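Below you'll find the structure, written out as structure tokens, and then a few comments.
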Amino acid sequence: MERKTGLILALDVTDRLEAVEISEKVAGYVDAIKIGYPLVLSTGMDMISQLSKFAPIIADFKVADIPNTNRLICEQVFKAGADAVIVQGFTGHDSLEAAVKLAKEENKDIYVVTEMSHPGALDFMQQVGEGIAKMAADAKASGVVAPATRPERVAEIRKIIGNDLSIISPGVGAQGGSASDVIKAGADWVIVGRAIYQAEDPAMAAKKLVDEMKEFI
Ligand code: O7M
């Protein structure tokens, strides 16, 4: 994924027309559009190819299964036109490696969730987040997902993965995180949903975030 703006739109709307309209408006400000269960379950897998004319598509299915099933799922998602798939890391190295192997064969990307951005991530995930980051680096994934709500954790995860992997970071805006703070801490992209798609003017909201990050990118 090429970094021009540092912004990824999380398009968690459930209406096809709204999804297309918002994508059209913000296309000039985003490097990718992340779509997941809310939009795909309500509209269908063809939404992926429909939106791919606006920006590369990151399919956020947080895949978390045995290696063979991970591969089968990723195969379908890539076939539908996605450029990247997000997988969970807690399933372990073999599940991740199956997804990464397929992605490399197809010239696509896998991003691995380390520690999530919500408060409940402290219950279980934070304890294993650094181990997952190391595993993602060993498996040569394209990058990891780390929380903009905790920039200090993003900085820790950056130390572990070095500069070969990217960090994409959700939690800006509605969840309280700051785009410029997490970019300064070591993230490459912020993933932003509600602060853009619920804004009165989504393009203006996206532009503001891009301007805020500009000097740190
Ligand atoms: O900006 P928001 O809060 O409206 O949306 C954030 C998006 O990022 C939304 O699609 C979440 O499902 C996703 N997300 C998190 O908020 N926290 C995480 O730790 C991980 C993700 C994510 O994208 O995982 C891949």
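The values are calculated or read from the model by the stated rules, or taken from the named source; none is laboratory data. The structure displayed is predicted, hence computed values, not measured ones. Note: ideal-geometry Cβ built from the backbone for every residue, glycine included; neighbour counts use all protein chains shown. Note: areas computed on protein heavy atoms with side chains; ligands, DNA, RNA excluded. Shrake-Rupley method; radii C 1.70, N 1.55, O 1.52, S 1.80 Å.
Name the GluC sites (Glu not before Pro) in region 103-209 that are in a loop by DSSP and that have at most 13 other C-beta atoms within 10 Å, would you? Mind dumping the intermediate values first?
Values: sites: Glu105, Glu106, Glu115, Glu130, Glu152, Glu156, Glu200; in loops: Glu106, Glu115, Glu200.
The qualifying sites are Glu106, Glu200.
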**Complete:** Spelling it out for Lys34: with amide H atoms placed in the peptide plane at 1.01 Å from N, the residues 5 or more places away or on another chain with amide H under 5 Å from its amide H are Leu9, Ala10, Leu11, Ile58
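What are the chymotrypsin sites (Phe, Trp or Tyr not before Pro) within region 115-217 that DSSP puts in a loop, where the Cβ has at most 12 other Cβ atoms within 10 Å?
Working: sites: Phe124, Trp189, Tyr197, Phe216; in loops: Phe124, Phe216.
Qualifying residues, ordered by number: Phe124.
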**Asked** Hey, what do the phi angles of region 138-144 turn into as Karplus ³J(HN,Hα) couplings, whole Hz, using 6.51/-1.76/1.60 and θ = phi - 60°, x for Gly and Pro?
**Response** 4, 7, 6, 5, 6, x, 10
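Taking the Cα centre of the chain as the origin, how large is its charge dipole in debye, to the nearest 20, when only Lys and Arg (+1) and Asp and Glu (-1) carry charge on their Cβ atoms? Mind dumping the intermediate values first?
On the way: 23 positive and 31 negative charges, 50 e Å.
With only Lys, Arg, Asp and Glu charged at Cβ, the dipole is about 240 debye.
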**Complete:** With +1 at each Lys and Arg Cβ and -1 at each Asp and Glu Cβ, the charge dipole magnitude of region 166-217 around its Cα centre, to the nearest 20 debye, comes out at 60 debye
**Prompt:** Just Thr91, Thr149, Thr114 to compare: in a GNM of the chain, with alpha carbon springs under 10 Å, which one fluctuates most?
**Reply:** Thr91
**Item:** Furthest towards positive pole of dipole, Phe78, Val144, Val20, structure part region 7-216, Cβ charges
**Value:** Val144
**Request:** Take the solvent-accessible surface of the protein heavy atoms, probe 1.4 Å, and return the percent of it on region 7-216 that carbon and sulfur atoms account for.
**Result:** 51 percent
**Fill in**
Checking Ser49, Ser95, Ser169 against a Gaussian network model of the chain (alpha-carbon springs below 10 Å), the top fluctuating residue turns out to be Ser49
**Asked** What are the ³J(HN,Hα) values, in whole Hz, obtained from phi via the Karplus relation 6.51 cos²θ - 1.76 cosθ + 1.60 with θ = phi - 60°, for each residue of region 32-41 in sequence order, with x given for Gly and Pro?
**Response** 6, 10, 9, 10, x, 4, x, 7, 6, 5
**For Ile66, distant residues with modelled amide H under 5 Å away** = none
**Item:** Among Ile66, Met1, Gly131 the positive-end extreme of the charge dipole of region 1-139 (Cβ point charges)
**Value:** Met1
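Return the Rg/Rh ratio of region 7-216 with Cα-based radii and a Kirkwood Rh. Walk me through the numbers before you get to the answer.
Values: Rg = 16.0 Å, Rh = 16.9 Å.
Rg divided by Rh gives 0.94.
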